[in-house]
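S.K.: I'd like to ask some things about the structure below.
Read-outs: derived from the displayed coordinates by stated rules, not from any lab. This is a predicted model, so every value here is computed, not measured. All Cβ positions, glycine included, derive from the backbone under ideal geometry; neighbour counts span all protein chains shown.
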Amino acid sequence: MVVDPGDAAPVIEFLNEHQLTLSAVLITHHHPDHTGGIKTLSDTFPDLSVFGPHNPKIRGITDSLQHQERCFINDLSLQFTVMAAPGHTLDHIMYYTEGLLFCGDTLFSAGCGRLFEGTPEQMTATLNSITALPADTMIYCTHEYTLANIEFALAVEPQNPSLLEYKDWVTHQRNNDKPSLPTSLQTQLHINPFLRLHQSDVKGYAETLTKSTLTQSVEVFAALRSAKDRF
Ligand SMILES: [Zn+2]
């Protein structure tokens, strides 16, 4: 099973190398860097199930899914619950099963997705649905943006000891050509400013940016997100 194959070639290469076949593709949203490989993979594996949001713009979806629907991958005895995740895009969905979340471009380690289509209200509600999951949930983000995100997170919370420690670990991983992902929700709750909107340093940073007193977490989120867009 693969999630968000932007390109079929590395998937086919991996499958050949490990003598595997492909049962299913999970798609989180319509962006080409998440869907570009669907056609070649479907042509290569004619019985392939391609799960994804109900969005006719995405070509090649065989099973479209809505919020709270179940997604069964029979060959792997896996069952996911679909979580609607508007914010980065309006069609965005996430796939949850006990212990892991495929969150697409919603949450990144130490950051979150840009708001291309959704509103700050939608994205904060989506992020709240992630923080409501068990803290030991492993989060599989779709881009390795961690180091760049840490720079922004440190601008927001320069004294956060967990964040400083995490930066050392990520730097070591990346220097050894290893990913920083997946990450746990527990870690993100300690280091990700977008999940720490009530922390005084985070709120203070947003208030400095907007030169106003912010009473709602969605206002803190909106200020942080637009600052990150310009960072
Ligand atoms: Zn995207």
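S.K.: For a footprinting-style exposure proxy, rank LYS57, LYS203 by other Cβ within 10 Å, fewest first.
M.R.: Ascending number of Cβ neighbours within 10 Å: LYS57, LYS203.
S.K.: Could you give the distance between the Cα centres of the stretch 202-216 and the stretch 56-124, to the whole Å?
M.R.: Cα centres, the stretch 202-216 to the stretch 56-124: 30 Å.
S.K.: Cross-link candidates for LYS167: which aspartates and glutamates have Cα within less than 13 Å, leaving aside residues fewer than 8 places away along the same chain?
M.R.: GLU151, GLU157
S.K.: Next question. If the elastic network links every pair of Cα atoms under 10 Å, which of ILE58, ILE191, ILE93 fluctuates the most in the Gaussian network model of the chain?
M.R.: Comparing ILE58, ILE191, ILE93 in the GNM, the peak value goes to ILE58.
S.K.: Further question on the same structure: Using the alpha-carbon atoms, what tilt in degrees (0 to 90, nearest 10) does helix 217-230 show relative to the longest principal axis of the chain?
M.R.: 80
S.K.: Hey, another quick one. Apply 1/(1 + (r/R0)^6) to the Cβ-Cβ distance of PHE14 and GLN186, taking R0 = 22 Å, and write down the FRET efficiency to the nearest 0.05.
M.R.: So the FRET efficiency works out to roughly 0.15.
S.K.: How far, in nm, would the chain grow between ASP33 and ASP136 when pulled straight, counting 0.36 nm per residue and subtracting the alpha carbon separation?
M.R.: Additional length available on full extension: 34.2 nm.
S.K.: For the chain, build the charge dipole from Cβ charges (+1 Lys, Arg; -1 Asp, Glu) around the Cα centre, then report which of LEU15, GLY60, LEU127 sits farthest towards its positive end.
M.R.: So the residue furthest toward the plus end is LEU127.
S.K.: What is the magnitude of the charge dipole of the chain about its Cα centre, with +1 placed on the Cβ of each Lys and Arg, -1 on the Cβ of each Asp and Glu, and no other charges, expressed in debye to the nearest 20?
M.R.: In total the dipole reaches around 560 debye.
S.K.: Roughly what % antiparallel, to the nearest 5, for the DSSP beta bridges in the chain?
M.R.: Antiparallel bridges make up about 55 percent of those DSSP assigns within the chain.
S.K.: Please give the FRET efficiency for PHE231 paired with THR44, using the beta carbon to beta carbon distance and R0 = 30 Å, rounded to the nearest 0.05.
M.R.: My answer for the efficiency is 0.15.
S.K.: Taking amide hydrogens as modeled 1.01 Å from N in the peptide plane, which residues meet the under 5 Å criterion relative to PHE108, leaving out close sequence neighbours?
M.R.: Here the answer is GLY113, since their amide H atoms fall under 5 Å of that of PHE108.
S.K.: Which one, HIS29, PRO46, MET1, is farthest towards the positive end of the dipole of the stretch 1-84 when Lys and Arg carry +1 and Asp and Glu -1 on their Cβ?
M.R.: My answer, from the dipole projection, is HIS29.
S.K.: Provide the per-residue ³J(HN,Hα) series for the stretch 8-20, in order, calculated from phi with Karplus coefficients 6.51, -1.76, 1.60 and θ = phi - 60°, each as a whole number of Hz, with x at glycine and proline positions.
M.R.: 6, 4, x, 5, 5, 4, 5, 4, 5, 4, 9, 6, 10
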